[in-house]
Amino acid sequence: MKIWREIRFPVSLLLAVLGLVFTISGAVWIFLRESKLGLLSKLAEFFGNWNYYLIIIGVVILFAGIWYAYDYISKKKFLLEEIKTDRKSELVKTKAKLEKIAKTLPRKYEKMLIEKEEELGLR
């Protein structure tokens with residue numbers, strides 16, 4: 001699972017896009033089957049009756065992809081904001097949370113946190 005932290009964000013974006021494609025294909029097949037929507041209609045025809053399953057699967061993986069992307073971005077933003085501080089006391093207050101977050105982000109963020117702790121004399 002160590003590789004997951006490195007590829008989490010690209011995979012979450014891929015899931016979101018794939019979920020969006022499946023959801024749109026299913027919606028076109030169910031609600032707009034007779035319409036001529038070019039590529040969307042061809043995609044829906046390609047999947048055929050599988051669109052009934054794909055719309056459900058698409059919604060689930062769309063939300064999963066969006067959730068993972070949001071979680072990654074919010075954790076990254078929090079870590080980078082906290083690392084900007086030059087006050088040792090502020091970093092000590094959030095040290096446990098920052099270390100926990102750094103373990104879920106790619107290794108470069110963990111290294112950034114370690115460098116900041118060494119800079120402020122916490123290690």
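Quick one: among Leu105, Leu20, Leu32, which has the greatest mean-square fluctuation in a GNM of the chain with alpha-carbon springs under 10 angstrom? Most flexible of the set in this elastic network: Leu32. Helix 4-31 and the long axis of the chain differ in direction by around 20°, with both axes built from C-alpha atoms. Given +1 at the Cβ of Lys and Arg, -1 at the Cβ of Asp and Glu and no other charges, the dipole of the chain around its Cα centre is 300 debye to the nearest 20. For Leu80 and Lys111, the difference between the fully extended length at 0.36 nm per residue and the C-alpha to C-alpha distance is 10.0 nm. A helix-only calculation puts the chain at -26000 deg cm²/dmol for mean residue ellipticity at 222 nm, using -39500 (n - 2.57) for each DSSP H run of at least four residues, averaged over all residues. When you filter the GluC sites (Glu not before Pro) in region 1-101 for DSSP loop state and at most 13 other Cβ atoms inside 10 Å of their Cβ, you are left with Glu34. For the chain, the convex hull spanned by the alpha carbon atoms encloses 121 Å³ per residue. Here is the list for region 1-33: trypsin sites (Lys or Arg not before Pro) lying in DSSP coil, each with at most 15 other C-beta atoms within 10 angstrom of its C-beta, are Lys2, Arg33.
Read-outs: derived from the displayed coordinates by stated rules, not from any lab. Predicted model, so just to flag it, every value in this text is computed and none were measured. Here Cβ is always computed from backbone atoms with ideal geometry, including for glycine, and neighbour counts include all displayed protein chains.
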